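Here's the structure, in structure tokens; my notes come after.
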Amino acid sequence: MKLTRLALTDFRNYSHAVWTPEKRILVLTGENGSGKTNLLEAVSLLAPGRGLRGAPLPVLCRQGAESWGVAATFRSGLEEFQIGTGNTPANGPRRIFQLDGENVRSHARIGQRFSCVWLTPQMDRLFQDGASSRRRFLDRLVMSLSPDHGRQIAAHDRSVASRNRLLSERPSETEWMSSIEDSIARHAVAASAARLALVESMNAHPFENEGFPGSTLSLECSIARRLSNQPALEVEDWIRNALSTSRSDDRMRGATSLGAHKADFSLSDTATSRPAELSSSGQQKIMLTGTILSHARLMIQARRQVPAILLDEPLLHLDERMRHALMRGLEKLDAPVMITGTDIEPFAPLKGQAQFFSVRHGTIAPS
């Protein structure tokens, strides 16, 4: 699959731009603030979700404009399809999607045709941030393969919030409490099982390629540990009983002590077992990059869907050997790749395989 056309209207720093790349791997270089990341964000917004920045919709509109739009054409073999997204004054801030020129109400239809994975410099903080950031990262990977996962997480979190409120305000409502705890148990097991399945699949097929080291994911979750050797119904019963007996303590602490919201995950180097939190910035970047690319390959194998791979400044913190190993790996992945950097020289190994563009003040030109 290749991106063959991208049109931007009043998006970020682009008033109007039409870009018609030809190759599968696209290298975008330019100064900081030139609009490279905006192009990656535009493509990420063509898939369901809030894009690689997770930005509120109003900030996507160019200053002074009333609406914004992104449209792209993709070619896969002999098939060609178009996806568009944006808003109009008539729709207000609400975002709309189009597939082949027709409005689409169900985002699932878009997800069946197009998906993407990404790596940004902000993700370098993943191992310094709290567990909630890592859960969001993991759940985004899970949702790409299990679309129902987002619904399970949302329902679980609503039930946890309801339980916390009930413990605080009406703790004597035991039947109501039991009903909420039943909901937590069911959704927690479903969400944890999906997370566990993804971790096991990725560990079975790590991204290891010509010197690029593999990484191992570890899911730190008491529910997932039990699911590894117990039937799901038994685990649900265990959660219900644990929540019931912990009501008094949970009321004192003002939080629910067991559920999918308590999970975390870690990364380690497969060869040395060195954990990411004890690794250098470069080693952490290698682990994260390998995880993203392993996930992309898993999507190709499991869903027969080729995701777009969006890499924002991926060469930061990498030495020359790792840079070359990464670029050799990208050449072998049968997926469209957009990759950014400030200078063109480090991307020299991609010469002949990639198409190079210079981004400057909202314009895109061949390098």
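Across the range 186-197, coupling constants 3J(HN,Hα) worked out from phi with the 6.51/-1.76/1.60 Karplus curve, θ = phi - 60°, read 5, 6, 5, 5, 4, 5, 5, 5, 5, 4, 4, 4 Hz, and Gly and Pro carry x. A Gaussian network model of the chain, with springs between Cα atoms under 10 Å, assigns the largest mean-square fluctuation among Glu313, Glu220, Glu41 to Glu220. Once the Cβ-Cβ distance between His16 and Arg109 is put in as r, and R0 is 35 Å, what FRET efficiency do you end up with, to the nearest 0.05? It comes out at approximately 0.80.
Highest-first packing order for the peptide set 284-291, 242-249, 258-265 is 284-291, 258-265, 242-249, based on the mean count of other beta carbon atoms within 10 Å.
Its Cα centre serving as origin, the range 69-196 has a Cβ charge dipole (Lys and Arg +1, Asp and Glu -1) of approximately 200 debye.
Going from the residue with the fewest nearby Cβ atoms within 10 Å to the one with the most, Met338, Met202 rank Met202, Met338. For the range 268-277, 3J(HN,Hα) computed residue by residue from phi via the Karplus equation (6.51, -1.76, 1.60; θ = phi - 60°) reads 8, 6, 4, 6, 10, 6, 6, x, 4, 5 Hz, glycine and proline entered as x. With point charges of +1 on the Cβ of Lys and Arg and -1 on the Cβ of Asp and Glu, referenced to the Cα centre of the range 5-158, which listed residue (Pro48, Gly69, Leu141) lies farthest in the positive direction of the dipole? Toward the positive end, the furthest listed residue is Leu141.
Arranged from fewest to most other beta-carbon atoms within 10 Å of their beta carbon, His295, His107 become His107, His295.
In a simple Cβ point-charge model (Lys, Arg +1; Asp, Glu -1; nothing else charged), the chain has a dipole of about 460 debye relative to its Cα centre. Across the range 131-264, C-alpha contacts under 8 Å between residues 6 or more apart give a mean separation that, scaled by the residue count, equals a relative contact order of 33 percent.
Between Asn91 and Ser222, the distance separating the two model label sites (each 7 Å from Cα on the Cα→Cβ line) works out to 4.5 nm.
Fewest neighbouring Cβ atoms within 10 Å first, the residues Thr88, Thr73 line up as Thr88, Thr73.
Taking 0.36 nm per residue of separation and subtracting the Cα-Cα distance, full extension of the segment from Glu208 to Gln122 would add 28.6 nm.
Treating only the Cβ atoms of Lys and Arg (+1) and Asp and Glu (-1) as charged, compute the dipole magnitude of the range 131-264 about its Cα centre; round to the nearest 20 debye. Magnitude of the dipole: close to 400 debye. Computed from phi, the 3J(HN,Hα) profile of the range 304-320 under the Karplus parametrisation 6.51, -1.76, 1.60 (θ = phi - 60°) reads 6, 10, 8, x, 6, 10, 10, 10, 9, 6, x, 7, 4, 6, 8, 7, 4 Hz, with x in place of Gly and Pro.
Pairs of Cα atoms under 8 Å, at least six residues apart: use those to get the relative contact order of the chain, whole percent. It comes to 25 percent, rounded to a whole number. Counted residue by residue at 0.36 nm each, then reduced by the alpha carbon distance between them, the extension gain from Ser168 to Asp100 reaches 19.4 nm.
Computed from the Cβ-Cβ distance with R0 of 35 Å, the FRET efficiency linking Asp129 to Ser244 stands at 0.60. So for the chain, if I pair up every lysine 8 or more residues apart or on another chain, how many of those pairs have alpha-carbons under 29 Å apart? Number of lysine pairs found: 16.
Read-outs throughout are calculated quantities, based only on the coordinates presented, and are distinct from any laboratory measurement. Note that the coordinates shown come from a computational prediction; the quantities given were computed from them, not determined experimentally. Positions of Cβ are backbone-derived with ideal geometry, glycine not excepted, and every protein chain shown enters the neighbour counts.
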